Amino acid sequence: MSTAEKADTRAATGDPEAGTDAARRTPGLVPVAETMRTTERHPPEPSGAVPAGAGRPWAFWRLLGSELGLTFRRPRNLVMLAVLGAVPVIIGIALRVVASDGQMGGMIQDVAGNSLMLTFVSFSFLVLLLMPVAVSVVAGDSIAGEAGAGTLRYLLAAPAGRTRLLLVKYLNAVVFAYAVTAVVALSALLTGLILFPAGPVTLLSGTTVSVADGLLRILITVGYVGAAMAALAAIALALSTFTEVSIGAIAATLVLVIVCQVLRAIPELGSITPYLLPTRFTNFDAVLRSPIDTGALREGLLAFGAYIVLFGSIAWARFSGKDITS
Amino acid sequence: MRRGTFVRWGVPIAAAAVIGGAIGAGPVIAAVSGEPVLPERSAQQLLADAVAANSKDGGLPPMSGTVQQTASLGLPALPQAGEASPLSLLSGSHEVKVWYGAADKLRVAMPTQLNETNLIVNGGQAWYWDSSTNTATKLTIKAGARKEHELPTPRPTDLTPQQVAERLLANVDQHTAVRVINTAEVAGRPVYQLVLAPKAEGSLVQEIRIALDGETYVPLQVQVYAKGSAEPAFQVGFTQVTFTPPAAENFTFTPPAGAKVEEQTIGADFAENEEQRAEHAKDVAGQAKVVGEGWAAVAVVPFSLENLKTEAPAGQERGADPGALVDSVLKSATPVSGTWGSGKLIRTKLVTALLTDDGRLLVGAVTPEEITKAAGVK
C-alpha cells in the first residue's frame, strides 16, 4: 500500500474529529497541518470531543484499536489471511481425491478417517513457512513501515511515548498472529467437517478420544501455534526498529526462519537445534499424544517467552534511543 | 555515546544473561550446590543392595519417564536410514517414553514428528502400534519359545544377593578396575555410578559407567566413554523419571476404528528355522575364533563382501539398502598392510574393524595397532 493510500485511510477514519483537533494538540510542538494526521489515529468518538488527557489508559487502547483497524483493513493483510484460509481447503480437497483412490498412507488415512485431523495436518504444513510470512509482514512493517513512509515522527508527536507505541505495535502483531492461526484452524475445521466424516478422534498414540476432547485439543494447538507466531513477531519487530525499509525487516525475518530450517536439517548440528525457534513450531503434535505431552508444550512456551523477552527488549533498547529522522 | 544508550542496551543484555543462565542453570546449580553425596559403598555392597532391591516383589518399582539414547561413535556418515530402522540408532540422539507398571505392564512410546510408535504389554497381551502406517499388530509370544532361549545364567533367586555380587565381581576383577562414585546425578536424582575401567592397554574403551538410583537401585543410565574424549561415545539413560505408578490407561490398548489389525506370533519363525539357524550358527562358530582376552579380545570371522551383498537384501525389508551402506562404509576405510598381509581398516571411537584381503573380518574394541597384531595370529 502506498503512503498516499495510508494517509487516505487515516483521513477517512479521522475526518469527523478534525474540528475538535485544536483542543487536544500540544501547542508549539508540531505544525497544525501535521498534527491532524497524528490525531487522526484516534478512532472517531461517537460522543464527539474527548477532554485532553482525560483518558490516558484509554489512549493506549484507542491507539491499539486504531492500529488493529488499519491492520485488518489493509488489502494485503486481508489477501494473506484469505490465502492462508484457502490452503486447508486445497489440502482437504487433495486428500479427499487421493483418499477415494483407495491407496492410503498414514496421514491421509488419519484425515480421511476423521475431520478434525485436517486441522493438525494443515498446521503442520503452514507453520513452517506460510504463517511466518504473514506474521513477519505485519510485524516487520510495524516500525520500519512508519519510518519509511515518514509517519513515525507524527506518531511520536502524540503524547504516547515510544515504549507505549512499541507495545501497541507489538500487541497489534500478536493479535494478527492469533488471527492468522484462528483463520487456518477454522478453515481447516469447516473443510474437514464438509469433506470427511466426523466422530471420535484417533490420536497418534492409537487411543481414541471424543469429538469434544478433540476440539479442546485443537484449541490448545491454536494457543500454542499463536504463541509461536507471537515469538516470531517479536523478532520481526526488533529487526523492524533497525531499518526504515520495511521489506528489509520482513526479508531478514524470513531469511532467519529459512536458515533455521536449513540448520535443523543438518544432523551434525543436532546440539543447537533445541535453541532454534522454528524447532518448537511443530511441537504442537504433543497434543495428539496420550497422555498429552505437557513437557514438550511447556518447554516450547518457555522458549517462546524467552524469545519474546529477548527480542522485545532489543526492540525497546533500539527504538527508545533511536534518532527519528523521517 | 551517551550514557543513556549504555543503560538502555543493558536491558537486552541482562535479558540474554538471564535466559542463558536459565538454560545453563541445571549444571551450574548442580555444581554450586555441591554434588549430592550418598553414603559410601563398595562395589560389592552396591551390587548386593541392587540385587536385593530388584529381586524382591516382582522386580523394578513402578515408574515412568523419558529415556534418551545418544551415540557419537564417530562412524562414517551413513546414508539416510529409515527413522524406525535400528541403524538410525547408531548416530544422533533418540528419545522414547517409558511407562512401567509391573513386570507384565509396560508401555514404550517413540514419538517422532507427527507420528508415534507404541509397544504396549499388558499381561499376556502385547500390541505394537505404528501411527505412520496406521497398523496395530497383536503380538503373541509362543509358549515354550521363551524358555528354550533363556540364558543359562544363575537366577537371582537361587542365590543371596551377596553371592551374586561376589560372583559378578570375581569374574570382572581380572580384566577390569571397578570403583563406585557416590556423587553423581541422573535425571535430577542422586545416583551411585559403578565405573568399570578396562585394564588392557589396547582397549578403546576408557570406562563404562552404570548409574544406579540412590534410593531404588534401578539402573538409570549407562555411559560408554572412549579413550581420549570427555563426552560419552554412547549413552542411554533417563532424562526424566518418576517412581509413581503410571495411570492404568497407559496399558490398555484397543485398535482404533479404521486401523489395520495384524496378528503375529513371536517365536513361531524361530521354531521353524531353529534347526537351520543352529546349524548355521555352529558353522560360523567353528570358523570364528577370538584372539586376545578380556577387553582386548578381537573376534576373527571368515567374511567376504560378495556374500554379504547378495544375502542381506532378502532379510531386510525396510530401511537403507545394505549394499549401499556397505559401500559407503568401505569408502571411508583406510587401506593398511603389514607382515600379516593387507586389508581395509575401519575406525570408530569404540570399535575397530579390519577386513583383510584374504577374507577375514576382525572386530574388536581395540586400537588399530592391536587389531593388526591380532591379524598376524593365524
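Worth pointing out:
This table checks each residue for (1) closer than 28 Å to B:Val108 by Cβ; (2) of a type in the set (Asp, Glu).
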site	(1), (2)
A:Ile194	no, no
A:Ser205	yes, no
A:Gly214	yes, no
A:Glu244	no, yes
A:Gly248	no, no
A:Ile266	no, no
A:Gly270	yes, no
A:Leu288	yes, no
A:Asp293	yes, yes
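- Flag set for B:Lys349, criterion: part of a loop (DSSP other than H, G, I, E, B) and more than 13 Å from B:Gly292 (Cα to Cα).
- Region A:294-326: number of residues that are more than 9 Å from chain B (Cβ to nearest Cβ) and among the aliphatic types (A, V, I, L, M): 5
- Residue that is nearest to B:Lys349 (Cα to Cα) [pool: residues in region B:203-213 that are buried (at least 21 other Cβ atoms within 10 Å of the Cβ) and not aliphatic (A, V, I, L, M)]: B:Ser203
- All positions within region B:220-231 that are open to solvent by less than 70 Å² (accessible area, probe 1.4 Å) and either within 14 Å of chain A (Cβ to nearest Cβ) or of a type in the set (Ser, Thr, Tyr) (or both): B:Tyr225, B:Ser229
- All helices (runs of 4 or more DSSP H) inside region A:238-326 with 2 or more residues being closer than 26 Å to B:Gly65 by Cα and open to solvent by less than 40 Å² (accessible area, probe 1.4 Å): A:277-281, A:294-320
- Test: residue in region B:290-313 that is modelled with pLDDT of 70 or more, open to solvent by 40 Å² or more (accessible area, probe 1.4 Å) and among the basic types (Lys, Arg): no
- Remark: pairs (first residue in region B:250-262, more than 7 Å from chain A (Cβ to nearest Cβ); second residue outside any strand (DSSP E or B) and loosely packed, with under 13 Cβ neighbours inside 10 Å; Cβ separation under 7 Å; 6+ apart in sequence or on different chains) are absent.
- B:Pro156 fulfils the conditions (1) under 26 Å from B:Asp49 (Cβ atoms); (2) at pLDDT 85 or above; (3) open to solvent by less than 80 Å² (accessible area, probe 1.4 Å) except for a single criterion, (2).
- From the list A:Pro274, A:Pro291, A:Pro267, the lone residue that is out of contact with any Phe, Trp or Tyr (no Cβ under 8 Å at 6 or more places or on another chain), under 30 Å from B:Phe251 (Cα atoms) and within 12 Å of another protein chain (Cβ to nearest Cβ) is A:Pro291.
- Boolean, A:Gly199 is in contact (Cβ under 8 Å) with a residue 60 or more places away in the chain, within 14 Å of chain B (Cβ to nearest Cβ), on the phi > 0 side of the Ramachandran plot and of a type outside the set (A, V, I, L, M, F, W, C): yes
- Filter pass, A:Leu156 being over 22 Å from A:Ala94 (Cβ atoms) and either surrounded by fewer than 17 Cβ atoms within 10 Å (Cβ to Cβ) or touching a residue at least 24 places away in the same chain (Cβ under 8 Å) (or both): yes
- Condition met for A:Thr181 (in contact (Cβ under 8 Å) with a residue 24 or more places away in the chain and not aliphatic (A, V, I, L, M)): yes
- Residue list for region B:244-264, restricted to those being among the hydrophobic types (A, V, I, L, M, F, W, C) and open to solvent by 80 Å² or more (accessible area, probe 1.4 Å): B:Ala257, B:Val261
Okay, residues lined up against (1) open to solvent by 30 Å² or more (accessible area, probe 1.4 Å); (2) modelled with pLDDT of 80 or more; (3) outside any loop (DSSP other than H, G, I, E, B):
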{"position": "B:Lys97", "(1), (2), (3)": "yes, yes, yes"}
{"position": "B:Leu106", "(1), (2), (3)": "yes, yes, yes"}
{"position": "B:Pro111", "(1), (2), (3)": "yes, yes, yes"}
{"position": "B:Lys138", "(1), (2), (3)": "yes, yes, yes"}
{"position": "B:Gln162", "(1), (2), (3)": "yes, no, yes"}
{"position": "B:Arg167", "(1), (2), (3)": "yes, no, yes"}
{"position": "B:Arg179", "(1), (2), (3)": "yes, yes, yes"}
{"position": "B:Pro190", "(1), (2), (3)": "yes, yes, yes"}
{"position": "B:Ala197", "(1), (2), (3)": "no, yes, yes"}
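- Condition met for A:Phe176 (among the hydrophobic types (A, V, I, L, M, F, W, C) and more than 18 Å from the chain's Cα centre (by Cα)): no
- The residues listed here are A:Gly150, A:Gly206; of these, the one that is open to solvent by less than 10 Å² (accessible area, probe 1.4 Å) and either closer than 30 Å to B:Val261 by Cα or out of contact with any Asp or Glu (no Cβ under 7 Å at 6 or more places or on another chain) (or both) is A:Gly206.
The values are calculated or read from the model by the stated rules, or taken from the named source; none is laboratory data. Predicted model, so just to flag it, every value in this text is computed and none were measured. Using ideal geometry, Cβ is built from the backbone for each residue, glycine included, and neighbour counts are taken over all protein chains shown. Please note that ligands, DNA and RNA were not included when accessible areas were found on the heavy atoms of the full protein model with its side chains. Shrake-Rupley method; radii C 1.70, N 1.55, O 1.52, S 1.80 Å.
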